[in-house]
Amino acid sequence: MEIRRETIKRAKRVVIKVGSAVLTMQSGGLNEEAFTHLSLAVSSLLGRGLEVAVVTSGAVAAGMGKLGFTERPKSIPEKQAAAAAGQSSLMGRYEKVFAAHNLNVAQVLLTHEDLSSRHRYLNARNTLFTLLSYGLIPIINENDTVVVDEIKFGDNDNLSALVAGLIDADLLLILTDTEGLYDKDPRSHADARLIPLVEKIDSHIEHMAGGVGTSIATGGMITKVQAARKASSVGIPTIIASGIDMSNIDKVFASEKIGTLFLSQSEKLTSRKHWIATVLKPKGAIIIDDGARDALINKGKSLLPTGIVGVEGDFGIGDAVLLEDKEGKKLAQGLAGYTHAEILLIMGHRSSRIEEILGYKYCDEVIHRDDLVVL
């Protein structure tokens, strides 16, 4: 209980993610009551001096009825059409319920491409900080009307973790249609137990979260746990709780034992290192030996060519790459200082031989420690 109380006490800036299963009716359309209760709870948090950003689902679900869909569309064009039809209804609902509390909202639509570009990432960050400073509530959603497979976040759980890092949030609260993480699926096991605290998210925890979502939602508990893991890796704790009862928001911030709390695994990363670690998609991998692993993880050193034993993928200078040990365990992610072809030539050699081998040299490091984040 003390851990939860301290976590809530430190939370001054919060991201609340609200899923489609909470905001929509099973028959389609928006759940008016859910929006009303959400606005009341967020208004209360603002009154206590907190800053709140909302990551919302519901645009596709809100548009399904307009297009006559009875199940969530699977093709990109149908999904885009439903989102276009539903986004105005979604934002109209947010405008109305928050206006009742004399609060203004601002629509922010993002794609992965917006955040993978460092320049656009900083623009989005500055815009969100400005909105918060003026007391507006950012209502953030994936830009489903233009998204394609190559740039989509995939689900708003993942998006909420990226947004939490983007604005240096102190807490991510994911509201869904279950009470939190159970040790087994509560829909099929009557003896399933709620897990109130997860200190570290590992493969065992992710296995317990396995499952699929409803016909309305994109993902199940697994995507929420993966989002918690991503937030945890950059120093942000996460609570997954039921949003079917919106009074749970007040209970969470009263430090009551609601939902599952996932502790953070590190200190908060700088904005740039968060961008490297969680936003960029790796284009390849560099395999390193035990000596290089020790130098990176335990001594905070840069990656030199002498510790590299293999290269995978096709990447260029400045692209994100994973660093893995010889067993395939992911150790770090960083920005490559040389192309994959160049690394194939210089790997296993000392930095002093780079110019001799390539005929030129950019730097001694294949990945500088300032461009590297240990995972």
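The values are calculated or read from the model by the stated rules, or taken from the named source; none is laboratory data. Model, not experiment: these values are computed from the prediction. Quick reminder, even Gly has a Cβ in these numbers, built from the backbone with ideal geometry, and neighbours come from all protein chains shown.
Which ones in the stretch 209-225 are out of contact with any helix residue (DSSP H, G or I) (no Cβ under 7 Å at 6 or more places or on another chain) and modelled with pLDDT of 80 or more?
Matches in the stretch 209-225: Met221 only.
Quick one: which residue in Gly284, Gly307, Gly318 is touching a Leu at 6+ places or on another chain (Cβ under 9 Å), small (Gly, Ala, Ser) and closer than 28 Å to Asp168 by Cβ?
Gly318
Only one residue in Leu159, Leu131 is modelled with pLDDT under 95, part of a helix (DSSP H, G or I), closer than 18 Å to Thr56 by Cα and among the aliphatic types (A, V, I, L, M), so which one is that?
So the residue among Leu159, Leu131 that is modelled with pLDDT under 95, part of a helix (DSSP H, G or I), closer than 18 Å to Thr56 by Cα and among the aliphatic types (A, V, I, L, M) is Leu159.
Tally up the residues in the stretch 40-66 that are in contact with a Pro (Cβ under 8 Å, 6 or more places away or on another chain) and farther than 24 Å from Asn104 by Cβ, please.
So the answer is 2.
Just name the residue that is modelled with the highest pLDDT out of those in the stretch 89-113 that are surrounded by fewer than 19 Cβ atoms within 10 Å (Cβ to Cβ) and more than 18 Å from Ser39 (Cα to Cα).
Among residues in the stretch 89-113 that are surrounded by fewer than 19 Cβ atoms within 10 Å (Cβ to Cβ) and more than 18 Å from Ser39 (Cα to Cα), the one modelled with the highest pLDDT is Leu109.
Taking the criterion of being closer than 30 Å to Ala34 by Cβ and of a type in the set (Phe, Trp, Tyr), would at least one residue in the stretch 270-287 satisfy it?
There is no residue in the stretch 270-287 that is closer than 30 Å to Ala34 by Cβ and of a type in the set (Phe, Trp, Tyr).
Filter the stretch 269-312 for residues that are among the charged types (D, E, K, R) and under 27 Å from the mean Cα position of the chain (by Cα); which is surrounded by the fewest Cβ atoms within 10 Å (Cβ to Cβ)? Spell out how you get there, then give the answer.
Start the filter on the stretch 269-312 by keeping residues that are among the charged types (D, E, K, R), which leaves 272-273, 281, 283, 289-290, 293-294, 299, 301, 312.
Restricting the remaining residues to those that are under 27 Å from the mean Cα position of the chain (by Cα) gives 272-273, 281, 283, 293, 312.
On the way: Arg272: 15, Lys273: 19, Lys281: 11, Lys283: 16, Arg293: 19, Glu312: 15.
Residue satisfying both the conditions and the ranking: Lys281.
Looking at the stretch 182-194, can you tell me whether even one residue there is in contact (Cβ under 8 Å) with a residue 40 or more places away in the chain, under 29 Å from His101 (Cα atoms) and in the same structural domain as Ile249 (by TED's automatic domain parsing)? It would help to see each step written out before you state the result.
Pass one, the stretch 182-194, residues in contact (Cβ under 8 Å) with a residue 40 or more places away in the chain: 194.
Still in the list and also under 29 Å from His101 (Cα atoms): none.
Within the stretch 182-194 (the criterion being in contact (Cβ under 8 Å) with a residue 40 or more places away in the chain, under 29 Å from His101 (Cα atoms) and in the same structural domain as Ile249 (by TED's automatic domain parsing)), the answer is no, since none of the residues qualifies.
How many residues does the stretch 1-56 hold that are assigned to a helix (DSSP H, G or I), of a type in the set (Gly, Ala, Ser) and in contact (Cβ under 8 Å) with a residue 40 or more places away in the chain?
Step one: list which residues in the stretch 1-56 are assigned to a helix (DSSP H, G or I), which gives 2-10, 20-23, 32-47.
Subsequent filtering for residues that are of a type in the set (Gly, Ala, Ser) retains 20-21, 34, 39, 41, 43-44, 47.
If we keep only those that are in contact (Cβ under 8 Å) with a residue 40 or more places away in the chain too, we end up with 20-21, 34, 39, 41, 43-44.
Result for the stretch 1-56: 7.
Does any residue of the stretch 24-34 turn out to be of a type in the set (Ser, Thr, Tyr), loosely packed, with under 14 Cβ neighbours inside 10 Å and assigned by TED's automatic domain parsing to the domain that holds Ala227?
Yes, the stretch 24-34 contains at least one residue that is of a type in the set (Ser, Thr, Tyr), loosely packed, with under 14 Cβ neighbours inside 10 Å and assigned by TED's automatic domain parsing to the domain that holds Ala227.
Which one of the conditions (1) at pLDDT 80 or above; (2) loosely packed, with under 14 Cβ neighbours inside 10 Å; (3) touching a helix residue (DSSP H, G or I) at 6+ places or on another chain (Cβ under 7 Å) does Ala241 fail to meet, given that it meets all the rest?
Answer for Ala241: the failing condition is (2).
How many residues does the stretch 225-240 contain that are among the hydrophobic types (A, V, I, L, M, F, W, C) and not in a helix (DSSP H, G or I)?
Qualifying residue count for the region: 4.
Have a look at Ile240, Ile317, Ile249, Ile287 and point out the one that is in contact (Cβ under 8 Å) with a residue 40 or more places away in the chain and outside the structural domain of Ala192 (by TED's automatic domain parsing).
Testing whether each residue is in contact (Cβ under 8 Å) with a residue 40 or more places away in the chain and outside the structural domain of Ala192 (by TED's automatic domain parsing) leaves just Ile317.
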